[in-house]
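Below is one structure, written out as C-alpha cells, with a few remarks after it.
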Amino acid sequence: MVLDLLSTDMYVSFNLKLAHRIGLHAAIYLGELLNINKKAIQKSKINENGYFKLDRNYIEQRTTLQSQEQKELDKALEDLSIINIDSSNKNLLKINTDALTGILLDDNSVLVDRIIQPIKKKRITKQEAILNNLKENIRTTNEELKKAYEEWIEAVIARQGWMSSACVREGQNVIDNYSNRDLDIALKIINIGASNGFRDLSWAINTYEKKCKEENKKSYQNIDYSNMKPAVIEDEVF
C-alpha cells in the first residue's frame with residue numbers, strides 16, 4: 001500500500017523551460033496531454049484527423065486542474081497554436097508539436113510577451129461544482145440548445161434544490177423523442193421546463209400541449225363567420 005502511494009504513477013512531471021515560457025499550470029497540463037496523446041497512439045485511438053479524446057475527470061485526478069480550468073488552458077494553448085481543438089467537440093484535440101518545439105527553441109522577447117500567466121485557482125462553491133458536473137451531461141453541439149439546457153438545470157437546482165445526472169440525460173431523451181429533433185419545439189419545451197422548474201421534462205411537454213390546444217381553440221373562436229357566404233351546390237348529373 002505504501003509502495004503504491006510512493007510509486008512514480010502518483011507523480012506528474014513537466015518541462016521546466018516550458019513552465020518558464022507558458023506558466024506552471026499550462027506546462028503541467030500540457031505534459032499530461034502529451035502522455036495521453038502517446039497512449040492514444042499506442043492504443044490506436046487517434047482519429048483520421050489526428051485528434052484524441054480527453055477525459056476531464058481523469059486529468060483532474062492527475063493534475064487537480066478542474067474541468068473549467070482545463071478549458072481555459074485549452075483556449076490559451078490554442079491561441080499559441082500549440083493545440084488544435086475540434087470545432088464540434090471541445091474534448092477532442094491534437095497537439096501541434098512543431099509549434100511546441102518552436103516555443104521551446106525560440107528565445108525571442110516578443111514571444112515572452114505572450115506567456116500564459118498561471119491560472120489563479122478559484123475556490124468554487126459546492127453548488128457551482130454540482131452545476132458544472134451536471135452540465136457535463138449535456139450532449140449537443142448546438143450552442144442555443146446547450147444554453148437552454150444549462151438554464152433549465154440552473155432553474156431546477158434553484159427551485160427544487162437538487163438534480164441528478166440521470167435526470168439531465170433522461171430529459172434530453174424525452175425532448176429528442178417528442179420533438180423529433182425539431183429545434184424550435186425543443187427550445188419551447190425546455191424553456192417551459194426552466195420557467196416552471198420542472199425536473200421531469202414530461203411535465204413541460206404536457207404544459208406545451210395544453211398551451212397549443214388553448215391557442216388553437218382561441219384561434220378557431222376568433223374566426224369571423226359573418227362575411228362567409230353559404231356554398232352553392234350545383235345540380236349533379238348522373
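Listed values, structure above:
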{"quantity": "Positive minus negative residues near residue 84 (Lys, Arg vs Asp, Glu; Cβ under 13 Å)", "calculated": "-2"}
{"quantity": "Radius 11 Å from Cβ of residue 50, net charge of other residues (Lys, Arg +1; Asp, Glu -1)", "calculated": "-1"}
{"quantity": "Under Karplus coefficients 6.51, -1.76 and 1.60, residue-wise ³J(HN,Hα) of the range 177-183 in Hz, glycine/proline x", "calculated": "5, 6, 7, 6, 6, 7, 4"}
{"quantity": "In sequence order, calculated HN-Hα J values of the range 93-105 (Karplus, 6.51, -1.76, 1.60; Hz; x Gly/Pro)", "calculated": "8, 9, 9, 8, 5, 5, 5, 5, 4, x, 5, 6, 8"}
{"quantity": "Backbone HN-Hα couplings from phi across the range 64-72 [Karplus 6.51/-1.76/1.60, Hz, Gly and Pro as x]", "calculated": "6, 7, 6, 3, 5, 5, 4, 5, 5"}
{"quantity": "FRET efficiency, residue 60 to residue 125 (Cβ-Cβ, R0 30 Å, nearest 0.05)", "calculated": "0.95"}
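Only the coordinates and a few stated rules stand behind these numbers; no lab work does. No experiment lies behind these values; they were computed from the predicted model shown. Every residue, glycine as well, gets a Cβ built from its backbone with ideal geometry; the counts of neighbours run over all protein chains shown.
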